[in-house]
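K.L.:
Before anything else, here's the structure in question.
The values are calculated or read from the model by the stated rules, or taken from the named source; none is laboratory data. Not measured: the values here are computed from a predicted model. Positions of Cβ are generated from backbone atoms using ideal geometry, with glycine treated the same way; all protein chains shown enter the neighbour counts. Ligands, DNA and RNA are stripped out before the accessible areas are found, and what is left, the full protein with its side chains, is counted by its heavy atoms. Shrake-Rupley method; radii C 1.70, N 1.55, O 1.52, S 1.80 Å.
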Amino acid sequence: MTKGKKGVVINEPSVVAYDNRDKKVIATGNKAYNMIGRTPNFISIIKPLKDGVVYDGAMAQSLINSFMVRITKGQLFRPRIIICIPSFITEVESRAVVDIAVNTGSRNIHLLEEPVAGVMGAGIDVSESLGTLVLDIGGGTTDIAIVSLNGIVDAISIRTAGNSLNTSIIRYMANRYRLIIGELTAENIKKDFMNVYNPSLEKNIKVKGMSIYSNLPEIIYVSEAEMFLAVQENLIEIVNAIKILLERTNPSLIDDICNQGAIMTGGGSMLKGLDRLISKQINVHCRVAENPMECVAIGTSIAFKNMDKLLDGFEYIKIKNLG
């Protein structure tokens with residue numbers, strides 16, 4: 001989340017901790033995320049966004065309100081808001097996002113597709129007549145787009161991304177080793193150990209979990225190569241989506257992409273070796289943007305200065321009677 005000239009002021013996961021006894025939110029963001037797998041029965045950990053869209057409207061509203069209060073320090077104001085959304089979000093899904101923004105008291109709302117925000121946040125001038133391939137790999141969705149002349153020429157959005165990799169790691173450990181691990185453990189394996197380009201059989205990591213057989217704690221060792229196998233199908237889905245987009249792209253834009261390469265944004269792009277893996281699969285050099293996790297947020301800030309120029313991928317909604 002960004003604010004005015006201050007840049008990124010909040011960079012936290014979209015997680016809410018809800019007390020079912022008192023019927024109230026007790027934590028959001030990092031505090032709630034760190035509670036995953038550690039709460040008593042009366043506290044629910046809720047992820048109000050799923051696959052890049054609103055899954056639980058009430059909790060999403062509580063999450064945004066919490067962040068807004070922290071940014072404004074409780075001061076009342078009617079902000080202008082830009083919210084990033086995946087490519088090809090449905091009308092119903094986008095309306096759910098707008099409804100949440102309305103409840104913040106916003107005087108006008110802008111929806112910006114994530115690939116446009118990501119490529120802008122990576123420092124690329126989208127106004128030029130050069131095609132840029134952007135791969136935005138977030139938590140819920142992977143958005144692949146070709147951007148040129150302030151708009152999206154073509155795009156594909158798939159619901160295979162960072163969260164899917166975590167799920168695949170958890171499933172692999174259960175199927176292969178009969179070991180139950182938590183979501184945070186899977187996330188740490190992905191971020192700190194996994195390598196998806198020429199993974200080694202020699203490099204190992206210690207994994208702690210609960211044995212399905214004994215229901216007791218157990219420690220095992222797994223290799224980079226095994227962890228690659230765990231997420232291989234997810235990676236194939238991402239690569240195939242990129243290939244589909246390139247296959248239907250105008251040859252003139254393909255020439256631009258070959259010359260410029262592809263830019264990767266989003267937290268998922270930081271997966272070790274992913275840029276080299278994709279480069280090899282699509283015959284286009286891929287590079288990870290500087291501060292990939294913040295590119296979309298930075299891009300939304302830049303969009304405020306270019307809202308009159310942005311074309312496809314940018315929608316303006318003025319809320320009546322709010323000024």
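K.L.:
Dividing the alpha-carbon radius of gyration of segment 1-141 by 2.2 N^0.38 Å (N being the number of residues), what value is obtained? Intermediate values should be presented prior to the final figure.
P.N.:
Working: Rg = 16.5 Å, N = 141, 2.2 N^0.38 = 14.4 Å.
The reported ratio for this selection is 1.14.
K.L.:
Please give the calculated 222 nm ellipticity per residue for the chain, where each DSSP H segment of at least 4 residues contributes -39500 (n - 2.57) and the sum is spread over every residue; nearest 500 deg cm²/dmol?
P.N.:
Here the helix-only value at 222 nm equals -11500 deg cm²/dmol.
K.L.:
In terms of the ratio Rg/(2.2 N^0.38 Å) built on C-alpha atoms, what value belongs to segment 210-312?
P.N.:
In units of the globular-protein estimate, segment 210-312 measures up at 1.49.
K.L.:
Per 0.36 nm of contour for each residue apart, how much would the distance between Arg80 and Gln281 grow if the chain were fully extended, relative to their Cα-Cα spacing?
P.N.:
Extra length available between Arg80 and Gln281 comes to 68.2 nm.
K.L.:
Counting only protein heavy atoms and using a 1.4 Å probe, what share of the accessible area of the chain belongs to carbon plus sulfur, as a whole percent?
P.N.:
50 percent
K.L.:
Oh, and also: Compute the relative contact order of segment 109-178 as a whole-number percentage, counting only Cα pairs closer than 8 Å that sit 6 or more residues apart in sequence.
P.N.:
24 percent
K.L.:
Evaluate E = 1/(1 + (r/R0)^6) for Val69 and Lys23, where r is the Cβ-Cβ distance and R0 equals 22 Å; express this FRET efficiency to the nearest 0.05.
P.N.:
0.70
K.L.:
Leaving out ligands and nucleic acids, note down the accessible area per residue over segment 1-159 with a 1.4 angstrom probe, in whole Å².
P.N.:
Using a 1.4 Å probe on heavy atoms only, each residue of segment 1-159 averages 47 Å².
K.L.:
Could you give the longest part of the chain that holds none of the trypsin sites (Lys or Arg not before Pro) found in DSSP loops with at most 16 neighbouring Cβ atoms within 10 Å?
P.N.:
My reading of the result: 249-308 is the longest stretch.
K.L.:
If I stretch the segment between Val239 and Ser214 completely, what's the gain in nm (0.36 nm per residue apart, minus their alpha carbon distance), one decimal? Intermediate results must be reported in sequence, preceding the final value.
P.N.:
Working: separation 25, 0.36 × 25 = 9.00 nm, distance 3.92 nm.
Gain in length upon complete extension: 5.1 nm.
K.L.:
Separate question: When averaged across all projection directions, what area in nm² does the alpha-carbon convex hull of segment 114-208 cover? It would help to have the intermediate numbers written out before the result.
P.N.:
Numbers: hull surface 30.6 nm².
In nm², the orientation-averaged hull projection of segment 114-208 is 7.7.
K.L.:
Taking Cα pairs under 8 Å and at least six residues apart, what relative contact order does the chain come out at, in percent?
P.N.:
20 percent
K.L.:
If the chain between Glu12 and Asn34 were fully stretched, how many nm would it gain, using 0.36 nm times the residue separation less the Cα-Cα distance?
P.N.:
Values: separation 22, 0.36 × 22 = 7.92 nm, distance 1.11 nm.
Once the chain is fully extended between Glu12 and Asn34, it gains 6.8 nm.
K.L.:
Further, regarding this structure: Taking DSSP loops as anything outside H, G, I, E and B, show the longest stretch in the chain free of chymotrypsin sites (Phe, Trp or Tyr not before Pro) there with at most 11 other beta carbons within 10 Å.
P.N.:
The answer is 78-212.
K.L.:
Below 8 Å between Cα atoms, with a sequence gap of 6+, how large is the relative contact order for segment 12-101 in percent?
P.N.:
After rounding, I find 24 percent.
K.L.:
Something else: Counting Lys and Arg as +1 and Asp and Glu as -1, what is the net charge of the other residues whose Cβ lies under 12 Å from the Cβ of Glu237?
P.N.:
+1
K.L.:
Among the helices of the chain (complete DSSP H runs), which have Cα atoms covering no less than 15 Å along the helix axis and a Kyte-Doolittle mean of at least -1.0?
P.N.:
57-72, 91-102, 162-177, 224-247, 295-306
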